[in-house]
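Single-structure report; data block below.
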Amino acid sequence: MTIKQYRDQFIQELTPLYDAGEAESFFYLILEFKHQLKRIDIALQPELVFSIAELETWNSVLEQLKKEIPIQYILGTTHFYGLEFEVNENVLIPRPETEELVDWIIKSQKSEVRNKKVKILDIGTGSGCIAISLAKNLPNAEVFALDVSEKALATAQKNAELNQVQVQFICQSILETEDLGQQFDVIVSNPPYVRHLEKQEIKKNVLDNEPHLALFVADDDALIFYRKIAQLALKNLNQTGQLYFEINQYLGQEMLSLLQEMDFKNSELRQDIYGNDRMTKSTR
């Protein structure tokens, strides 16, 4: 079977679950990942064929997609802020909104004149996407990353090696931490923030595959991680140190109120590319 013929079959079999454009994007993503071929290659060489072994591999991927397993988990990799990251069932798949948070931190740091290293802590690092992207783009940064999951940290460590950066990883429960033991210039966190009442808004492929430990919080205490991290930031941020959060889009004003009540200064709420309240920045 030619690759062009298989492409048409692939898209047709997925269109009950995905729109045709998304199914086609899956096809070309897999084609490039597994065969180093692009759309233009198929257009210029329509006679290219898959071997029987290759067809078996593709059919296996197709069946996983029909089960709504995220393409990033199937391939075991994704891209974030121009870097490649290994992902698996132990970590959340990095999202574009989080890239915006990383970009905000990088631009804020680069706008400041610093003659010394800046110490950064990423709390709830998961795949390590925030910490590693900051380490890669801020050469004067000493970066630490904390997570409660040993399996997530093992993935993050691989990603640090993959991207050739130094990050110091810490396995620790932030909710059980009374003091971070050192001072930082920047603390950033994208903690669990989806309330159980919002589960119906979560796509099935996320709900069935991504780690709930990193997603959900109780309906009656949705800001539990933010409150705890902010308390630690009061102790462990240097004077004029910065605290960044990715937040629940429905709780922007509640987050601002929490930060103001705890005497953080210059608290700012920003929307993401979709127009949702998504991140905050505050000064110690």
- Which members of the stretch 48-82 meet the condition of being of a type in the set (A, V, I, L, M, F, W, C), farther than 23 Å from I247 by Cα and part of a strand (DSSP E or B)? V49
- So, first residue of a type in the set (D, E) in the stretch 216-231, second residue part of a strand (DSSP E or B) and open to solvent by 30 Å² or more (accessible area, probe 1.4 Å), Cβ within less than 7 Å, six or more apart or across chains; the pairs are D219/R195
- Keeping to the stretch 65-81, report how many residues are free of Cβ contacts under 8 Å to residues at least 24 places away in the same chain and either in contact with a Pro (Cβ under 7 Å, 6 or more places away or on another chain) or open to solvent by 60 Å² or more (accessible area, probe 1.4 Å) (or both). 3
- Note on the structure: Of the residues in the stretch 85-128, those that are in a strand (DSSP E or B), touching a helix residue (DSSP H, G or I) at 6+ places or on another chain (Cβ under 8 Å) and surrounded by fewer than 23 Cβ atoms within 10 Å (Cβ to Cβ) number 2
- Considering the stretch 237-270, residues that are surrounded by 17 or more Cβ atoms within 10 Å (Cβ to Cβ) and among the aromatic types (F, W, Y), and then whichever is nearest to the chain's Cα centre (by Cα), we arrive at F245
- Task: Return the pairs, sorted by first residue and then second, in which the second residue is among the acidic types (D, E), the first residue lies in the stretch 162-177 and is in contact (Cβ under 8 Å) with a residue 60 or more places away in the chain, the beta carbons are less than 9 Å apart, and the residues are 6+ apart or on different chains.
- Result: L162/E84; L162/E86; N163/E84
- Item | Filtered residues of the stretch 191-209 (kept if open to solvent by less than 40 Å² (accessible area, probe 1.4 Å), farther than 19 Å from Y18 by Cα and not hydroxyl-bearing (S, T, Y)) | P191, P192, V194, E198
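Being among the charged types (D, E, K, R), buried (at least 21 other Cβ atoms within 10 Å of the Cβ) and not in a loop (DSSP other than H, G, I, E, B) narrows it down to one residue among D220, D185; which is it? Step through it out loud before you land on a result.
Working: D220 fails: buried (at least 21 other Cβ atoms within 10 Å of the Cβ).
Among D220, D185, only D185 is among the charged types (D, E, K, R), buried (at least 21 other Cβ atoms within 10 Å of the Cβ) and not in a loop (DSSP other than H, G, I, E, B).
Residues of the stretch 28-41 being surrounded by 12 or more Cβ atoms within 10 Å (Cβ to Cβ) and farther than 15 Å from Q9 by Cα, which ones? Step through it out loud before you land on a result.
Taking the stretch 28-41 and keeping what is surrounded by 12 or more Cβ atoms within 10 Å (Cβ to Cβ), we get 28-35, 37-39, 41.
Scanning the stretch 28-41 gives L29, E32, F33, K34, H35, L37, K38, R39, D41.
The values are calculated or read from the model by the stated rules, or taken from the named source; none is laboratory data. Since the model is a prediction, treat every value here as computed from it, not as a measurement. So basically every Cβ, Gly included, is an ideal-geometry build from the backbone, and we count neighbours across all protein chains shown. Remember, those area values only see protein heavy atoms, side chains included, never the ligands or the DNA or RNA. Shrake-Rupley method; radii C 1.70, N 1.55, O 1.52, S 1.80 Å.
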